[in-house]
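> First, the structure itself, so that you have it in front of you.
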Amino acid sequence: MNEKKLPITAARLEEIIAEYPTPFHLYDAQGIVTNIRKFIKAFSWAKNFKEYFAVKATPNPYIMRLLQREGVGADCSSLAELVLCEKVGITGDNIIFSSNDTPYEEYAKAMELGAIINLDDITHVAYLEAHGTLPNRLAFRYNPGSLKHGGNTIIGLPEEAKYGMTGDQIIEAINYCKTRGVERFGLHTMVVSNELDIQGLIGTAELMFNLALRVKEATGIEVDFIDFGGGIGVPYRPEESAVDFEALSAGIKAAYERLIEGNGHSSISLAFECGRMVTGPYGYLIATAIHRKDIYKHYIGLDACMANLMRPALYGSYHHITVVGKETAPLDHVYDVTGSLCENNDKFAIDRQLPKIDIGDRIVIHDTGAHGHSMGFNYNGKLRSAELLLNEDGSITQIRRAETLDDLFATLDFSDL
Ligand SMILES: *Cc1c(COP(=O)(O)O)cnc(C)c1O
């Protein structure tokens with residue numbers, strides 16, 4: 001169970017809206033910091049434990065800075081994400097570049113920043129050498145292929161996924177790279193997404209520890225770090241529960257002791273690169289109900305749309321919705337909650353039981369702190385909203401202003417029409 005409620009009162013929300021009109025995303029700094037501290041503390045047994053925040057989840061320098069202060073690094077997969085790190089002052093070992101299908105200029109930028117380069121394919125070794133030299137440390141992304149319990153809906157089945165390389169290819173790559181001056185090796189994978197079952201996450205760790213043993217046997221190389229990827233889930237539904245970090249950590253520790261220490265492998269630094277669980281539950285899309293429509297179904301139209309939050313339309317994802325001031329009212333109405341795009345899937349909820357909604361009601365869409373604003377797009381010329389940070393002292397910082405039509409038209413030249 002987890003309670004879906006705003007970290008501020010309705011009156012405070014109205015004060016904020018008076019300054020920053022809806023829609024906007026509101027992020028709770030205190031929630032983010034408290035949660036990440038718990039996560040890092042749970043893994044204090046692990047050597048050099050590091051969480052690299054998946055920047056794509058919430059690519060905002062203020063959020064990155066908040067996490068940087070907690071000792072969190074950055075997981076990047078594009079040039080823009082690397083440049084954001086540079087601007088925030090996140091460099092060197094604090095960045096892992098876990099990209100795929102990567103243009104060379106992006107590798108070059110990552111190497112310039114001293115990031116850990118994580119290759120998605122064996123051919124990328126030759127690609128790097130064709131354009132420059134190999135860094136002296138490399139990680140390889142593992143795709144285990146068919147797994148007993150399969151993957152899940154966001155990543156899909158590993159053998160159907162475009163990411164990573166086979167175990168044989170990793171061994172071949174390491175054997176080759178050690179003849180080319182690469183001295184330190186890491187292993188990476190990401191086989192689950194939005195996983196709330198810790199057995200799936202512990203299973204990922206076991207998979208990687210076994211791979212490290214296999215690499216040692218086949219190449220004589222002991223890898224010095226393993227990155228389990230992201231994928232820790234968010235309890236989007238009120239009846240779900242957040243992952244118990246202590247229980248997860250205990251399961252991984254037991255696997256580490258059994259497989260790594262038990263087989264005489266040298267100690268290995270451990271890392272995650274989670275995005276979703278770091279910021280997801282601490283973000284709220286705040287919107288206003290602007291239309292109600294009753295035809296064959298009942299619709300509530302918001303001033304927000306899929307441009308602000310794509311997950312429901314893209315994956316059919318559930319995001320909990322509450323109506324400010326009606327938190328305890330009976331859920332005796334059934335609505336589709338929609339945005340304004342000319343796309344019938346522009347719906348935040350379908351057949352959702354909600355209290356009676358009136359025009360002007362403030363609608364809170366929960367758990368939008370990760371893969372929310374960042375996935376936004378400009379279809380139909382819709383503008384992306386502002387992002388606001390609720391600071392630990394209760395004040396508000398606008399950490400990204402809302403887009404304007406001038407932003408939207410900035411790449412057009414009307415002068416020669
Ligand atoms: C998206 C992604 C992550 C973060 O995943 P979450 O589900 O947000 O934890 C981490 N690593 C890689 C390579 C990714 O693509």
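The values are calculated or read from the model by the stated rules, or taken from the named source; none is laboratory data. Here the structure is a predicted model, which means the values were calculated and not measured. For neighbour counting, all protein chains shown are included, and Cβ atoms are generated from backbone atoms with ideal geometry for every residue, glycine included. Calculation scope for accessible area: heavy atoms of the full protein, side chains included, ligands and nucleic acids excluded. Shrake-Rupley method; radii C 1.70, N 1.55, O 1.52, S 1.80 Å.
> Between residue 147 and residue 414, take the C-beta separation as r, use R0 = 51 Å, and let me know the FRET efficiency to the nearest 0.05. Don't skip to the end; give the middle numbers.
Numbers: r = 53 Å, r/R0 = 1.05.
Rounded to the nearest 0.05, the efficiency is 0.45.
> Assuming 0.36 nm per residue, please report the length gained on full extension of the stretch residue 395 to residue 104 beyond their Cα-Cα distance.
Working: separation 291, 0.36 × 291 = 104.76 nm, distance 4.24 nm.
Gain on stretching residue 395 to residue 104: 100.5 nm.
> Still on this model: Show me, for region 212-228, the HN-Hα J-couplings you get by feeding each phi into the Karplus relation (A = 6.51, B = -1.76, C = 1.60, θ = phi - 60°), rounded to Hz, glycine and proline as x.
In residue order, the calculated couplings are 4, 5, 5, 4, 4, 5, 7, 10, x, 8, 9, 5, 9, 8, 10, 10, 7 Hz.
> Okay, next question. First select every other residue whose beta carbon is under 12 angstrom from the beta carbon of residue 371; then total the charges, Lys and Arg +1, Asp and Glu -1. Walk me through the numbers before you get to the answer.
Details: positive: 56, 276, 311; negative: 367.
The answer is +2.
> With a 1.4 Å probe and every protein chain left in place, work out the accessible area per residue of the chain in Å², rounded to a whole number.
Working: 18330 Å² over 417 residues.
Value for the chain: 44 Å² per residue.
> Next up: Taking the Cα centroid of region 263-320 and of region 326-367, what is the distance between the two, rounded to the nearest whole Å?
15 Å
> Here's a follow-up. Relative contact order of region 29-278, please, whole-number percent, based on alpha carbon pairs below 8 angstrom and at least 6 residues apart.
Working: 457 pairs, mean separation 50.5, N = 250.
It comes to 20 percent, rounded to a whole number.
> Another one. Holding the Cα-Cα limit at 30 Å, pick out from 56/356; 4/38; 5/347; 50/87 the pairs that are longer than that.
Over 30 Å apart, Cα to Cα: 56/356.
> Additional query: Taking the Cα atoms only, what angle lies between the long axis of helix 29-42 and the longest principal axis of the chain, rounded to 10 degrees?
30 degrees
> Okay, moving on. Please give the direction-averaged projected area of the C-alpha convex hull for region 281-408, in square nanometres with one decimal. Let's see the in-between values first.
On the way: hull surface 33.6 nm².
Projected area, direction-averaged: 8.4 nm².
> Under 16 Å Cα-Cα from residue 162, which aspartates and glutamates qualify once same-chain neighbours fewer than 8 residues away are excluded?
Counting by Cα, and skipping residues close in sequence, residue 162 has these aspartates and glutamates nearby: 101, 120, 121.
> Averaging over every viewing direction, what projected area does the convex hull of the Cα atoms of the chain cover, in nm²?
On the way: hull surface 91.9 nm².
Quarter of the Cα hull surface area: 23.0 nm².
> Hey, if you drop one equal point scatterer on each alpha-carbon of region 29-278 and run the Debye formula without solvent, what base-10 log of I(q)/I(0) do you get at q = 0.07, 0.09, 0.10, 0.12 Å⁻¹?
Debye output, listed in q order: -0.21, -0.36, -0.45, -0.66.
> I've got another one for you. Compute the FRET efficiency between residue 127 and residue 237 as 1/(1 + (r/R0)^6), taking r as their Cβ-Cβ distance and R0 = 60 Å, and round to the nearest 0.05. Please list the in-between numbers first.
Details: r = 43 Å, r/R0 = 0.71.
Computed FRET efficiency for residue 127 and residue 237 comes out at 0.90.
> Find, among the GluC sites (Glu not before Pro) in region 290-396, those assigned to loop by DSSP (not H, G, I, E, B) with at most 14 other beta-carbon atoms within 10 angstrom.
Details: sites: 327, 343, 387, 392; in loops: 327, 343, 392.
In loop regions of region 290-396 (DSSP not H, G, I, E or B), the sparsely surrounded GluC sites (Glu not before Pro) are 327, 343, 392.
> Something else: Among the aspartates and glutamates, select those whose C-alpha is under 19 Å from the C-alpha of residue 293, and discard any that sit fewer than 8 residues away in the same chain.
Output for residue 293: 303, 332, 336, 343, 346, 351, 358, 361.
> Here is a follow-up. Within 10 Å of each candidate Cβ there may be at most 16 other Cβ atoms; applying that plus a DSSP loop requirement, which trypsin sites (Lys or Arg not before Pro) in region 1-97 survive? Kindly include the intermediate steps, with their values, before the conclusion.
Working: sites: 4, 5, 12, 37, 38, 41, 47, 50, 56, 65, 69, 87; in loops: 4, 5, 47, 69.
Those that pass, being in a loop and sparsely packed, are 5, 47, 69.
> Under the 0.36 nm per residue contour assumption, what length would be gained going from the current alpha-carbon distance of residue 179 and residue 111 to full extension? Mind showing how you got there, number by number?
Working: separation 68, 0.36 × 68 = 24.48 nm, distance 2.01 nm.
Net length gain for the segment: 22.5 nm.
> Only loop residues by DSSP count here, and only those with at most 13 other Cβ atoms within 10 Å; note down the chymotrypsin sites (Phe, Trp or Tyr not before Pro) in region 222-330 that meet that. Each step should come with its number before you reach the end.
On the way: sites: 225, 228, 236, 245, 256, 272, 282, 284, 296, 299, 315, 318; in loops: 228, 236, 296, 318.
Within region 222-330, the qualifying chymotrypsin sites (Phe, Trp or Tyr not before Pro) (loop, at most 13 other Cβ atoms within 10 Å) are 296.
> Shape verdict for region 50-182, please, from the Cα gyration tensor: rounded (a/c under 1.5), prolate (a/b greater than b/c) or oblate. Write out the running numbers ahead of the final one.
Numbers: a/c = 2.07, a/b = 1.21, b/c = 1.72.
It comes out oblate by the Cα gyration axes.
> Related question: Just to check I understand the Karplus step: with θ = phi - 60° and J = 6.51 cos²θ - 1.76 cosθ + 1.60, what whole-Hz values come out for region 396-405, glycine and proline as x?
Listing the rounded values in order: 10, 10, 7, 9, 7, 7, 5, 5, 10, 4 Hz.
> Go ahead and estimate [θ] at 222 nm for the chain from helices alone: -39,500 (n - 2.57) per DSSP H run with n ≥ 4, summed, over the residue count, rounded to 500. Don't jump to the answer; show the numbers that get you there.
Values: 12 runs with 119 residues, N = 417.
Dividing the helical sum by the residues of the chain leaves -8500 deg cm²/dmol.
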